[in-house]
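Below is one structure, written out as structure tokens; the observations come after it.
Quick note: the coordinates plus some simple rules give every number you see, no bench work behind them. Predicted, not measured: the structure shown is a model, and the values here were computed from it. In this analysis, Cβ positions are derived from the backbone assuming ideal geometry, glycine residues included, and neighbour counts consider all displayed protein chains.
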Amino acid sequence: MKHFHQLKAELNRVCPGLEIKEQEPMDQYTTFRIGGPVALMAVPRTTEETVAVIRTARDMGIEPFLLGRGSNLLCGDGALEHFVIRTSPGLDQVERVGETTLRCGAGALMRRVACEAQRCGLTGFEFAHGIPGTMGGGVVMNAGAYGGELKNVVTETTAMDAQGNILTFKGEEQGFAYRKSTFLKEGLIVLHSLVELQPGDPQTIQDQIDDYLRRRKRTQPLEWPSAGSTFKRPVGAYAAALIDQCRLKGCQIGGAQVSEKHAGFVVNKGGASCADVLALTEHIKQVVLDKTGFQLELEIRLML
Ligand SMILES: Cc1cc2nc3c(=O)[nH]c(=O)nc-3n(C[C@H](O)[C@H](O)[C@H](O)COP(=O)(O)OP(=O)(O)OC[C@H]3O[C@@H](n4cnc5c(N)ncnc54)[C@H](O)[C@@H]3O)c2cc1C
């Protein structure tokens, strides 16, 4: 049993006025709308406070779980024995720090960064406007869409390692690859990143954003709660195409369904539990393996 009560008392002492919640239902914090109550959640107001909160928890032997927008996350149904640190809205600063450079806090929504870039007449971030996560969650996963990925625009990231050191990773040190990064591999906590763009015409940038959003609306089941693409793209194929080929569209377990609109999405049709989603994803993996020989791997992250 972890010492969440002692941690709460210690956090109140170290960071007076810090927002701390007990037994918060995670279904309120995930786009899947699934998840039981989490033992403790803190919402730090600044980077300095975030660092202090992480250090305090670790000193007590409790490893925090960093939560962005919860748009790539499936949480367990029962009591969740975790200490969650929410980066939004406290770390949501987006600042222009150079002619073509934006400095983005880990809690800034990618949509906001895209809007700020458009406002400044900077191109290169349009692809990320429709990805419903934060910069921290996006950098960890190297989020991407429509041929763009954060790898191409994030030039530097400041993160905290397990020993509490604050380190800066430049360019290739960030280890970006398909849905991978140094931060994911090493379990580092992202604090902020620099985004480097090019000058562009604000109207053309807006038109490109609108076009991507229209495409998303047409092809993705945005009307149902989900965590986006359920599986990573296997080498040499597309997960959605394989699932479709196996005639799994519409396949449902409890409240979890393979979207009829886009086979790559598992959607919550109402009252889906984590157990429903996991049973469905296991079924999909088995059928796809048996019929096509491809081994699918979950893209969504789990908090159990
Ligand atoms: C409708 C829909 C469409 C989507 N479309 C796309 C798409 O086109 N492309 C794409 O790549 N993704 C897509 N996604 C998935 C998701 O939006 C991205 O993976 C996003 O980057 C997740 O960010 P988040 O802030 O929501 O992260 P969360 O879901 O909160 O967290 C995801 C993981 O990142 C970790 N994490 C979060 N913040 C930090 C931090 N500061 N430091 C360290 N670890 C951290 C968490 O602990 C967790 O393991 C989609 C999701 C939905 C619901």
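Shown for Cys246, Cys274: other C-beta atoms within 10 Å of each C-beta, ranked fewest to most, produce the order Cys246, Cys274. Estimated purely from DSSP H runs of n ≥ 4, each contributing -39500 (n - 2.57), the mean residue ellipticity at 222 nm for the chain is -9000 deg cm²/dmol once divided by its residues.
Note: the stretch 221-303, Cα convex hull, 80 Å³ per residue. Cβ under 12 Å from Ser181's Cβ, Ser181 left aside: what net charge do those residues give with Lys, Arg +1 and Asp, Glu -1? Summing Lys/Arg as +1 and Asp/Glu as -1 gives 0. The GluC sites (Glu not before Pro) of the stretch 208-284 that meet both conditions, a loop assignment by DSSP and at most 11 other Cβ atoms within 10 Å of the site Cβ, are Glu223.
Geometric descriptor of the chain, per residue, is 130 Å³ (volume of the convex hull of the Cα atoms).
Counting charges near Leu194 (Lys, Arg +1; Asp, Glu -1) among other residues having Cβ under 12 Å from its Cβ returns a value of 0. Comparing Glu196, Glu156, Glu19 in a Gaussian network model of the chain, where Cα atoms under 10 Å apart are tied by springs, the biggest mean-square fluctuation is seen for Glu19.
Calculated FRET efficiency, His5 to Gln93, Cβ-Cβ distance, R0 = 25 Å: about 0.20 to the nearest 0.05.
Looking at this model, which pairs from Lys21/Lys261; Lys269/Lys291; Lys217/Lys249; Lys185/Lys249; Lys8/Lys269; Lys8/Lys170 are more than 30 angstrom apart at the alpha-carbon?
Correct reply: Lys21/Lys261; Lys185/Lys249; Lys8/Lys269; Lys8/Lys170.
Under a 5 Å amide H cut-off, with hydrogens placed 1.01 Å from N, Asp77 pairs with Gly36, Cys274, Ala275 among residues at least 5 apart or on other chains.
Between the beta carbons of Gln245 and Leu213, assuming R0 = 25 Å, the FRET efficiency works out to 0.35 to the nearest 0.05. Projecting the Cα atoms of Gly164, Ala114, Gly36 onto the charge dipole of the chain (Cβ charges, centred on the Cα centre) puts Gly36 farthest toward the positive pole. Each label was represented as a point 7 Å from its Cα along the Cα-to-Cβ direction; for Ala177 and Met60 these points are 3.8 nm apart. Considering only Ile54, Ile20, Ile34, the mean-square fluctuation computed in a Gaussian network model of the chain, springs between alpha carbons under 10 angstrom, is largest for Ile20.
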